[in-house]
Amino acid sequence: MDGMPDDSPHVPLPTVLTPLPGPRSSELLARKDRLFCGPLRDIDEVPFVMARKSDWLIEDVDGNTFADHVAAWGSTPLGARAAAAVAAAARAHAEQGMEITDYVMSEPPLALAERLLEIAPPGITRVGPSISGTEAVEAGVKLAREATGRPIILSFYGQYHGESTYLTAAASSDLSEVTSNNAQYVSGLVFAPYPNRFRAPFHDGPGPYDDTIYVDFIEQYVLVHQVDPGQIAGVLIEPVVGEGGIIVPSAAFWRRLTALCRKYGWMLVLDEVQTALGRCGAMFAAELWDLEPDIVLMGKGLAGGAQPIAAVLATERVMADCDTHPGGTFAWSPPACAGALANIDAIVAEEALDNARALAGIAHEELDGLPDRFEQVGDVRAIGAWVGIEFVTDKRTITPAPAFHAAVHQALVRRGVLGITQWGKWVYRLQPAINMPPELFRWSCRQAAEAIAEVADDPPPEPGLLDRFADGRRRTG
Ligand SMILES: Cc1ncc(COP(=O)(O)O)c(C=O)c1O
């Protein structure tokens, strides 16, 4: 890789040999469209079918390879192979097999619970087994209500918490795409906008805005016109918004929000399903601002590429004597626990958190100049192994540019980089394994800059945001 700083051992680079989708992928994608439900049909976002993965590359059935900046939506923090976690899970499978830990205890869940409490944010003393991020957040909401005896949850526009009926309502970022209009059937939620410094409601044009204005809004509007503070059980918040576009609140925002929590007795419920175990370059994003949450929710990266697992962590007061049951049949099976424990050990042994922080540095070096070069690049954000590039039609109005975003994504896939695009959104995301070699990551960032230049030469027309629904179709595919 000529011209690259030699910041890691050399790794294989992706190669795309066929037009996309290739012939075999086309056949299989057509089969998929005949078989699966709406959200899996007619999607052109990933124009290939995977054959196999190795470390940080995905190979499709036509022999093309792609740098993997999806990382199984964050659940393979150490790349596709996840050797230590998979081996530990296999050993536990041979010894204990599937078991319902809620009822029959074994050693792997005990060892995992002890390890999680060693690394958890201060004040956390109890663990609740769970199976998915969605169920962990559901339990977090129930626990906040049980601990306070209060009904209302304060959430933030632009977050994502999962696919249950309750959380699709609380996950307002995806209202148009995910909830199928179910939000109206759920009560007990009030909202404030998430503290976004680039795009603030009631302000024209791009920030940076002082994001303590969002706490002003809670104090001066939500608590005056919508809900009495004594009715609020807890604040459900992602410490860094993931699906909503890698938005990082300021220290000043957290100071003001946590002061409100203390003043009114609100539980601080941190949804760390995306962020826990290294995504932001720290074990928990809470560490970045010395937050002391009452309840922390984990998922994704905890599985470490082995078996599905999630966790609810909380203080003694919240969880020692609670009646809320966070688990279920599959929660914390011995193999999933053994895999998760080996995964945490591997993250530490590989110094993957340091690597994640180094990746953010590379993203800043390679991508921070893009807003000056391209009218359509509104903002670039990076923290740990997480990058968001926000596309706009122009710098003055910062009208979202989802068509430009989708075209950049496709141009990048043709270059061998698979990142995250979602229909209707305008923030492109890179979300690699936190141990991706810096050299491959830098190469991918350079491909992103080239893909943007290609699309900027002939930008696609942008649909009005609500016009996307005009023909009754929810997807573009
Ligand atoms: C912040 C956050 N919370 C919760 C969830 C839901 O997790 P799961 O898909 O495992 O149910 C997600 C999934 O993307 C997430 O990003």
Sequence of ARG197, ARG31, ARG262 from largest to smallest accessible area, 1.4 Å probe: ARG262, ARG31, ARG197
Residue order for CYS322, CYS261 - accessible surface, 1.4 angstrom probe, largest first: CYS322, CYS261
Rh (Kirkwood; distinct C-alpha pairs) - region 329-477, Å: 17.0
Three-way shape label, region 294-352, alpha-carbon gyration tensor, a/c 1.5: oblate
Region 202-344: C-alpha gyration tensor shape, a/c 1.5 cut-off, then a/b vs b/c: oblate
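Would you work out the relative contact order for region 56-122, in percent, from Cα pairs under 8 angstrom that are 6 or more residues apart?
Numbers: 20 pairs, mean separation 10.4, N = 67.
For region 56-122, the relative contact order is 16 percent.
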All-pairs Cα distance distribution in region 354-417, expressed in whole percent, bin size 5 Å: 4, 18, 21, 24, 21, 9, 3, 0
Which of ARG255, ARG414 is most accessible, then next, and so on - probe 1.4 Å: ARG255, ARG414
Charge dipole of the chain about the Cα centre (unit charges at C-beta), most positive-ward option of VAL380, LEU268, ALA147: ALA147
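Near ALA51, within a Cβ-to-Cβ distance under 14 Å, what is the net charge of the other residues, with Lys and Arg +1 and Asp and Glu -1? Write out the running numbers ahead of the final one.
Working: positive: ARG24, ARG52, LYS53; negative: GLU27, GLU59, ASP60, ASP62, ASP68.
Every neighbour counted, the sum reads -2.
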Extended-chain gain in nm, criterion 0.36 nm per residue less alpha-carbon gap, HIS203 and ASP33: 57.0 nm
Helix-only mean residue ellipticity at 222 nm for the chain, each DSSP H run of n ≥ 4 adding -39500 (n - 2.57), per residue, nearest 500: -10000 deg cm²/dmol
Percent RCO, i.e. relative contact order, over the chain, from Cα pairs under 8 Å lying at least 6 residues apart: 22
Global form of region 1-105, assessed from the alpha-carbon gyration tensor, a/c cut-off 1.5: oblate
Cα convex hull volume per residue for the chain (Å³): 149
Å² per residue, accessible surface of the chain at 1.4 Å: 41
Amide proton proximity set for GLY304, modelled H, under 5 Å, gap of 5+: none
Carbon plus sulfur fraction of accessible area for the chain, probe 1.4 Å, in percent: 53
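The values are calculated or read from the model by the stated rules, or taken from the named source; none is laboratory data. Fair warning: this is a prediction, and the values are worked out from it, not measured in the lab. So basically every Cβ, Gly included, is an ideal-geometry build from the backbone, and we count neighbours across all protein chains shown. Remember, those area values only see protein heavy atoms, side chains included, never the ligands or the DNA or RNA. Shrake-Rupley method; radii C 1.70, N 1.55, O 1.52, S 1.80 Å.
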